[in-house]
Amino acid sequence: MVDAYLRQSPLAHLHLAARATTSNALPDAGVVLAEIPYLSQFVLRGNADNQAFTAGIKKALKLPLPISPCTSSVDKTGHSHILWMGPDEWLIVGPSDDQAHINSSISTAFRNQHFSLVNVSESRTLIRLSGTQAQNLLEKGCSIDLHPSAFSPGSVVNTHLSHAHITLHRLNSIQQPTYDLYVHRSFAEYLWSWLEDAAREYGLDNRSK
Amino acid sequence: MLLIPCPWCGERDEPEFHHGGEAHIKRPLEPDQSTDEEWAEYIFMRTNPKGVFLERWVHQSGCRRWFNLARNTATNEIIGAYKMGEKPPISTIANKQKTATVSNKKPKGVK
Ligand SMILES: [Zn+2]
């Protein structure tokens, strides 16, 4: 059972939703940013070589565990992800009301297994980045090769963006590239400000809801 | 800047990593029987070679895993990365040292 508590986004004081533009108000903006707060996030650890563990996760979450480094898996709705974080570590991401479900479905699946599941939903917020200039914007502060041949849809890396640690996930979007930037809450304001500043030359459309 | 090959993530820029000192330092097997000299050797004494050095690194901002790296301390050439518990790439290191001795010869005219 997950207790109710007061949740507040680390970007709440910027009033992003109140400052957001309405749909198609800025058709020429090269960069679209939106904060997506309050997602359910869990760190899962376990042995990737253990068949019972990988099969159990797949059954519990209806999602395969991504075993290859820097890959991810996504469910049919596109709202739930498992991101590879290390050879025995994953980040499970789901909608904000999914915390209790993720917690209970995995806990009951592994009564006698050695694994660890930690609710880290409050540790990071998510900034979603898209637009025709999204890749150019990231390249101003990120040393990862973001060319689609090297960073294809579904790729996920832990790295730096302008010195701030982020988890960078390229979504399986058939339209233009869309990136999810998971940022630790103490770095969120810094990173949002940096993104706003870096996006000035391209035109910025803030679509936070 | 070094481009370091993480055994899991591939090549990444140096700021994503932290250096962890010399690799393959063995803790005394019988701690209760060890002399002060043996403890001092384990805790403080490290080699400091000019040439190939086996060292530990952690991919701090990436997958957060420790691994070993064979690096030439004089040229910063990275010979190879290998996971914890694996053997160092001895034959590659030997080949590199051979070519290094050749190229270290002074060019003609230099005294
Ligand atoms: Zn790594």
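The values are calculated or read from the model by the stated rules, or taken from the named source; none is laboratory data. All values derive from a computational prediction rather than experimental measurement. Cβ coordinates were reconstructed from backbone atoms using ideal geometry, including for glycine residues, and neighbour counts include every protein chain displayed.
Which of the residues belonging to the range B:76-111 are at pLDDT 85 or above, loosely packed, with under 12 Cβ neighbours inside 10 Å and not aliphatic (A, V, I, L, M)? Write out each step before concluding.
Just the residues of the range B:76-111 that are at pLDDT 85 or above, to begin with: B:76-89.
Filter once more, keeping what is loosely packed, with under 12 Cβ neighbours inside 10 Å: B:76, B:84-87.
Matches in the range B:76-111: B:N76, B:G85, B:E86, B:K87.
Can you tell me which residue among A:G154, A:G141 is within 13 Å of chain B (Cβ to nearest Cβ), assigned to a loop (DSSP other than H, G, I, E, B) and more than 16 Å from the ligand (Cβ to nearest atom)?
A:G141
Got a number for residues in the range A:106-120 being at pLDDT below 95 and either surrounded by 15 or more Cβ atoms within 10 Å (Cβ to Cβ) or within 20 Å of A:Q8 (Cβ to Cβ) (or both)?
Matching residues across the range A:106-120 total 4.
Check whether at least one residue in the range B:39-47 is of a type in the set (D, E) and in contact with a strand residue (DSSP E or B) (Cβ under 8 Å, 6 or more places away or on another chain), and report yes or no.
Looking for residues that are of a type in the set (D, E) and in contact with a strand residue (DSSP E or B) (Cβ under 8 Å, 6 or more places away or on another chain), one finds none in the range B:39-47, hence no.
Cβ-Cβ below 6 Å, separation at least six or inter-chain, first residue in the range A:188-209 and touching a residue at least 60 places away in the same chain (Cβ under 8 Å) and closer than 17 Å to A:A12 by Cα, second hydroxyl-bearing (S, T, Y) and outside any loop (DSSP other than H, G, I, E, B): which pairs?
Hits for this filter: A:A188/A:T125.
Any residue in the range B:50-79 that is within 12 Å of B:I4 (Cβ to Cβ) and more than 14 Å from chain A (Cβ to nearest Cβ) sitting within a Cβ distance under 7 Å of a residue that is β-branched (V, I, T) and within 10 Å of the ligand (Cβ to nearest atom)? List the pairs, counting only those 6 or more apart or interchain.
Once the first residue is within 12 Å of B:I4 (Cβ to Cβ) and more than 14 Å from chain A (Cβ to nearest Cβ) and sits in the range B:50-79, its partners that are β-branched (V, I, T) and within 10 Å of the ligand (Cβ to nearest atom) give B:W57/B:I4; B:L69/B:I4; B:I78/B:I4.
Could you check, for the range B:46-67, whether at least one of its residues is surrounded by 17 or more Cβ atoms within 10 Å (Cβ to Cβ), farther than 28 Å from A:I144 by Cβ and either modelled with pLDDT of 95 or more or away from the ligand (no atom under 16 Å from the Cβ) (or both)?
Yes, the range B:46-67 has at least one match.
Please go through the range B:8-38 and pick out each residue that is in contact with a strand residue (DSSP E or B) (Cβ under 9 Å, 6 or more places away or on another chain), within 11 Å of chain A (Cβ to nearest Cβ) and of a type outside the set (A, V, I, L, M, F, W, C).
B:E11, B:R12, B:D13, B:E14, B:P15, B:E16
Is there a residue being within 24 Å of A:H160 (Cα to Cα) and in a strand (DSSP E or B) anywhere in the range B:44-54?
Checked the range B:44-54: no residue is within 24 Å of A:H160 (Cα to Cα) and in a strand (DSSP E or B).
Look through the range A:33-60, keep the residues that are in a helix (DSSP H, G or I) and in contact (Cβ under 8 Å) with a residue 60 or more places away in the chain, and return whichever of them is surrounded by the fewest Cβ atoms within 10 Å (Cβ to Cβ).
Taking the candidates together, the pick is A:A52.
Out of the range A:157-177, which residues are facing chain B (nearest Cβ under 10 Å), farther than 15 Å from A:P69 by Cβ and surrounded by 19 or more Cβ atoms within 10 Å (Cβ to Cβ)?
A:H160, A:I166
Name the residues in the range A:157-184 that are out of contact with any helix residue (DSSP H, G or I) (no Cβ under 6 Å at 6 or more places or on another chain) and not in a strand (DSSP E or B), would you?
Matches in the range A:157-184: A:H163, A:L171, A:N172, A:S173, A:I174, A:Q175, A:Q176, A:T178.
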